[in-house]
Amino acid sequence: MNANRGDLDISTLAQLRADIPLHASDHKGRPYIYLNTCTFGPVLRSIQRRMAAALRAENEEIIAIRAKEPGVRFYGRVEKARHTVAEMLGVPADDVAWLYNTTTASRLAIMSFDWQPGDKLAVTDVEHLSTHSVAQGLAQGRGVEVTVIPSAEANRQARAGAFDSEDGPGYTPSFFLERLDRLLTPDHRLLVMSHVSNIDGRRLPVAEATRLARARGVRTLIDGAQSLGMFPVNVQEIGAEFYSGSVHKWLMGPPGIGFLVISREARQNYNPHHAPIPTDASGKPCYSQVTAATLNELGTSNAALRIGAGACVEIMQRVGLETIEKHVRALTAQLRAGLRAVPGIRVASPDAWEISSSITTIQLHEGSPARCQRLVERLLDDYRIVVKVRPEICGVRMGIAAFNTAAEIEQVLTAVAQLAPAI
Ligand SMILES: Cc1ncc(COP(=O)(O)O)c(C=O)c1O
């Protein structure tokens, strides 16, 4: 079979679903229902083939490289992948650097500041562990002051041990922006915020927050790990200096490759690897020649991963991110409506799509970490449904991806209704 054919044919949700390896069933031949794309998306079969073919092609063209023959076509294809990702993000390709994952991308952006004792860093209260850990490390090692911006009233915030009979976390973008306005001061150097929280799927007002920060001279890093591939994202319109992401979640690409978008303006102050900056005849630095790639990509890279990343983005673009958003939005509404009818279950995620996402976290009445864990295990063992515990709020997280179906959601609802009362 032509290694490139399969993915070229995918342009509908049904074709996408047919290409995921998760139809692979358990040892009894029963298919899984996979709701854990928030952690790790299945790598499409056609992407796997593309990557294998890329590795082969690179090694075949090595002969050409050794002989120093001009025009090694293979590397043209690798570079095209950067353009594909840049197009999805709505930014120039010069703004995109390949890195390993969201964690390393965000960390590099954060560590590109020469943090001094007393400097201030702002983060939201719903960041991923990778952000909290670098903030904690900077506080410990460099004496940086970390300001945590709340996104909901403490007494309404969905949290471990809390079981409010009302839905949702009490989060509203206006509450968050009002707190940001109050707490973010010109002596903060950077604001780090997720586009979509991995805890309960709330969607933060990234463009408004970036504008607010910019008005105070504060730079912004957006963590896009949970947004890219779920709905269209235009990084240029958001206007943040930095935007990080990876392809192994909603984009269903390979693990071990991610990217950092660094705006042209931000590149003047970004150089964590001390790369030499080209200068003109008078010795003045020429930042116009500096790209995100030249500042970040060091040593030998894995070309097959880049090709795999470009290929999965191409597929998502062909299926259409608007189409994907419409699909996951409808399934999320179906899931939440069904969950609300289950006694003893509370939907902890915000409801309105504009401030939410296809991530739904539920809490159990009188839930304990052990009960949440038991529910996750029983869903897997008895119903082959894959979900994950969210310890921050003692919840169980379900993420709906482009390949999930309405019939699967019905099965999930039946399973939760049967298990929840007795767990
Ligand atoms: C919001 C958020 N940021 C960062 C990460 C870390 O992503 P990566 O594994 O690409 O480093 C995750 C992973 O779950 C996440 O949800």
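Since every read-out is calculated from the coordinates, none of them should be taken as a lab result. All figures in this text were calculated on a predicted structure; none of them were measured in a lab. Virtual Cβ from ideal backbone geometry, glycine too; neighbours counted across all protein chains shown.
Which of Ile262, Ile33 comes first, and how do the rest follow, when ranked by fewest Cβ neighbours within 10 Å? Present the calculation step by step, with values, prior to reporting the outcome.
Numbers: Ile262 30, Ile33 22.
Fewest-to-most Cβ neighbours within 10 Å comes out as Ile33, Ile262.
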Practice task
Please compute the net charge surrounding Val376, taking Lys and Arg as +1 and Asp and Glu as -1 over other residues with Cβ under 12 Å from its Cβ.
Solution key: +3
Fill in the blank from the handout: Note, Gly338: beta-carbon cut-off 13 Å, +1 each Lys/Arg, -1 each Asp/Glu, net 0
Practice task
Would you please give the FRET efficiency between Ala207 and Glu87, computed as 1/(1 + (r/R0)^6) with r the Cβ-Cβ distance and R0 = 30 Å, to the nearest 0.05?
Solution key: 0.90
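Can you pull out the GluC sites (Glu not before Pro) in the range 176-282 that DSSP calls coil and that have at most 12 other Cβ atoms within 10 Å?
Working: sites: Glu178, Glu208, Glu237, Glu241, Glu265; in loops: Glu241, Glu265.
Passing sites in the range 176-282 are Glu265.
Please work out how much length the chain gains when fully extended from Glu153 to Asp280, using 0.36 nm per residue of separation minus the C-alpha to C-alpha distance, in nm with one decimal.
Details: separation 127, 0.36 × 127 = 45.72 nm, distance 5.34 nm.
Length gained, Glu153 through Asp280: 40.4 nm.
What is the calculated FRET efficiency for Gln140 to Arg216, with r their C-beta to C-beta distance and R₀ = 30 Å, to the nearest 0.05?
On the way: r = 26 Å, r/R0 = 0.87.
It comes to 0.70.
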Exercise for the section: Counting other beta carbons within 10 Å of each Cβ, put Trp115, Trp98, Trp250 in order, fewest first. Expected result: Trp115, Trp98, Trp250
Completion exercise
Of Asp200, Asp381, Asp19, the most mobile residue in a GNM of the chain (C-alpha springs, cutoff 10 Å) is Asp381
Practice task
Round to a whole angstrom and tell me the spacing of the C-alpha centers of the range 308-385 and the range 231-293.
Solution key: 32
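Using unit Cβ charges (K, R positive; D, E negative) and no other charged atoms, how large, in debye to the nearest 20, is the dipole of the chain about its Cα centre? Each step should come with its number before you reach the end.
Numbers: 46 positive and 44 negative charges, 130 e Å.
With Lys and Arg at +1 and Asp and Glu at -1, about 620 debye.
In debye, nearest 20, what is the charge dipole magnitude of the range 79-318 about its Cα centre with +1 on Lys and Arg Cβ and -1 on Asp and Glu Cβ, if you could check? Intermediate values should be presented prior to the final figure.
Working: 22 positive and 25 negative charges, 63 e Å.
Roughly 300 debye for the range 79-318.
Averaging sequence separations of C-alpha pairs under 8 Å and six or more residues apart, then dividing by the length of the chain, give the relative contact order as a whole percent. Please report the intermediate quantities before stating the final value.
On the way: 814 pairs, mean separation 99.0, N = 423.
Dividing the mean separation by the residue count of the chain yields 23 percent.
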Exercise for the section: Report, in deg cm²/dmol and to the nearest 500, the calculated mean residue ellipticity at 222 nm for the chain, where each DSSP H run with n ≥ 4 adds -39500 (n - 2.57) and the sum is divided by the residue count. Expected result: -12500 deg cm²/dmol
Practice task
With unit charges on the beta carbon (Lys/Arg positive, Asp/Glu negative), name the residue among Pro173, Val96, Leu295 whose Cα is farthest towards the positive pole of the charge dipole of the range 79-318.
Solution key: Leu295
Exercise for the section: Would you mind finding the longest exposed-site-free stretch of the chain, with exposed trypsin sites (Lys or Arg not before Pro) meaning DSSP loop and at most 10 other Cβ atoms within 10 Å? Expected result: 69-423
Exercise for the section: For an R0 of 51 angstrom, estimate the FRET efficiency from the Cβ-Cβ distance between Lys326 and His132 and round to the nearest 0.05. Expected result: 0.95
Problem - Inter-site label distance for Thr405 and Tyr287 at 7 Å from Cα along Cβ, in nm - result: 5.3
